[in-house]
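The values are calculated or read from the model by the stated rules, or taken from the named source; none is laboratory data. Note that the structure is predicted; figures quoted are calculated from it, not measured. Cβ placement follows ideal geometry from the backbone for every residue including glycine, while neighbour counts extend to all protein chains displayed. In case anyone asks, the SASA skips ligands and DNA or RNA and just uses the protein heavy atoms, side chains included. Shrake-Rupley method; radii C 1.70, N 1.55, O 1.52, S 1.80 Å.
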Amino acid sequence: MIFGIPRELKDHETRVGAGLIPRNVATLIAQGHTVYFQKGVMEPAGVSDEEFLKVGAKCVDTMEEIYEKCDFIGKFKDMTDADMKMPFKKGQIIMTAFHMAEGTAKPEQVKILADAGVTCISIETSRYPDGSRAMTRPMGEIAGRTAPLLGGQYLQRQYGGSGVSIVPVTGARRARVCILGGGHAGMCAAQTAEGLGAEVVVFDVNIQRLEYLRTVLKNTDLRFMSKTAFGEEVAKADVLINCIYAYPGMEVPIVTRDMVRSMRKGSVIVDLEGEGIIETSQYTTISNPYFVEDGIVHVGITNIPAMVPTAANESYGAYVFPLVQDIAKYGIKEACKKNYVLRSCVAMVNGKITQKEVADSQHCEYTPHFLLRPRHQVDLRHRSRRRPDRGRE
């Protein structure tokens, strides 16, 4: 099989798709496969082209060449407008975070991919047999653990923050951190906030999840979600962290503009989703990470793990590269028979939509594929931090 690694186009994106870091590329080449990479593919992460060349990968100058030459394209972030202009080929496998089943999905992109006849592995929809998220876990962990650190940074006065310290200071009140969503990212955010010494409260709609969190979060208030209780805590928060995302049909926003206005001036919102859940929030970038609205500092970076590329690429590769190896060894159909996680995240096969959630979201025809579907449909909507990377991923 011929694998290709294009450069990511998102601002300051430092992660590489499909776990194809040099040591994993070396494994594929040793097994007889060919790997092309686009010049400078990991330079933003401090990894030179020479490291790929040393293990036998081949360098090309343009993204177009990657798509023209390769059977399998390993991307990390969702498809930009420029990505969608590539010369796709029928049967070509593209692994990335497509987000086709979400409220922010772009119907024109789905149509282009379907018309091209490609096979889409939408990694953010991957599941373990118990229904829990699979490939988004490592990025959710990094985003969650980093969010309180960002909150503490932007509480500083030079960013428009209130000047409250995220770590305890003798004689001063402790900072209060309110977290929306108790999934993997929310749990990790709470662990970090606890460790920093802040007062922490987590809200979730799943009482069983809250019961589990009690076993790992010893100094966090765990609250069942209600608008009244949540609104009261938002008003008291120095840092509000959103760890859920909007799925199709979800009533949004959850955090209204009036709730934001109730917060103390100079408080901070860190939104791992970027927009939708919080009425005043919008996407920001690593280059332009924050803005102030209604006296509240907003941070909406959706690729937070790109800020720590060494950790992000190593962790993600440990999760996703076994899926890639199965595809390389058996081909996509046989690999899906053997690997539940891979089977769960194939959203399109040769241009046919094979995830019902995508078909419903895009109002398209749904074509079940018995080789490419889990035995039981899994609800993609609410699992506490319902999306990764963005900041998420």
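Figures for the structure shown
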item	result
Rounded percent of accessible protein surface that carbon and sulfur make up, the range 282-377, 1.4 Å probe	52 percent
Proximal lysines to Lys338, defined as alpha-carbon separation beneath 28 angstrom and excluding residues fewer than eight positions away on the same chain	Lys69, Lys75, Lys77, Lys89, Lys90, Lys329, Lys352, Lys356
Gyration tensor (alpha-carbon) shape descriptor, the range 182-232, a/c threshold 1.5	oblate
Gyration tensor over alpha-carbon atoms, the range 206-272, equivalent ellipsoid semi-axes in Å	21, 17, 11
Stretchable slack from Ala172 to Lys90, in nm (0.36 nm times residue separation minus alpha-carbon distance)	23.2 nm
Rotationally averaged projected area of the range 126-270 (alpha carbon convex hull; nm²)	9.2 nm²
Inter-site label distance for Ser287 and Ile207 at 7 Å from Cα along Cβ, in nm	4.9 nm
Separation between Cα centres of the range 308-367 and the range 130-174, rounded to whole Å	31 Å
The chain, helix-only ellipticity at 222 nm - DSSP H runs n ≥ 4, -39,500 (n - 2.57), divided by all residues, nearest 500	-9500 deg cm²/dmol
13 Å cut-off, amide nitrogen to a point 7 angstrom out along Asp61 Cα→Cβ, residues in the range 11-53	39
Residue-span extension gain [Ile2 to Thr367] - 0.36 nm each, minus C-alpha spacing	128.7 nm
Rough spin-label spacing in nm, given labels placed 7 Å along Cα→Cβ, for Glu279 and Val216	3.3 nm
Accessible-area ranking of Glu68, Glu334, largest first, probe 1.4 Å	Glu68, Glu334
Modelled FRET efficiency - R0 56 Å, Ser48 with Lys333, Cβ distances, 0.05 increments	0.95
Shape category assigned to the range 42-190 from the gyration tensor of Cα positions, a/c cut at 1.5	prolate
Whole-percent pair-distance distribution, where bins are 5 Å wide, for the alpha carbons of the range 326-372	5, 25, 29, 21, 13, 6, 2
